[in-house]
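Please see the structure below; I have some questions.
The values are calculated or read from the model by the stated rules, or taken from the named source; none is laboratory data. What you see is a predicted model; the values in this text were computed from it and never measured. Neighbour counts run over all protein chains shown; Cβ positions are idealised from the backbone, glycine included. Note: areas computed on protein heavy atoms with side chains; ligands, DNA, RNA excluded. Shrake-Rupley method; radii C 1.70, N 1.55, O 1.52, S 1.80 Å.
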Amino acid sequence: MRERRFRHFLSLLRTVPPPIRLLDVGGTPTYWAVRDLTAVEGLEVTCLNLEEQASDAEFVEAVVGDARDLSRYDDRSFDV
């Protein structure tokens with residue numbers, strides 16, 4: 001079921017013009033790194049977590065922060 005939802009999500013992402021800035025609150029860089037996202041041009045993922053996480057994928061930035069305070073980001077900083 002999760003894979004099917006992700007495929008649907010990818011089909012929706014492909015309709016967004018690049019660059020696509022995605023904020024994943026509580027997500028892990030590894031989740032995005034293991035996905036085949038080569039078909040999504042210009043994808044930039046920011047994973048926001050309370051604790052530091054490493055990111056080996058060049059399109060994934062791991063950020064330490066609290067989802068209750070997103071003041072570091074301007075309005076409309078992310079598309080998804």
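Output the residue which, of all residues in the range 34-56 that are surrounded by 16 or more Cβ atoms within 10 Å (Cβ to Cβ) and among the aliphatic types (A, V, I, L, M), is nearest to the chain's Cα centre (by Cα).
So the residue we want is Val45.
Can you report the number of residues in the range 1-26 which are free of Cβ contacts under 8 Å to residues at least 40 places away in the same chain, open to solvent by less than 100 Å² (accessible area, probe 1.4 Å) and farther than 13 Å from Phe78 by Cβ?
8
Which of the residues spanning the range 57-69 are over 23 Å from Pro18 (Cβ atoms), open to solvent by less than 90 Å² (accessible area, probe 1.4 Å) and not acidic (Asp, Glu)?
Result: Val64, Gly65, Ala67.
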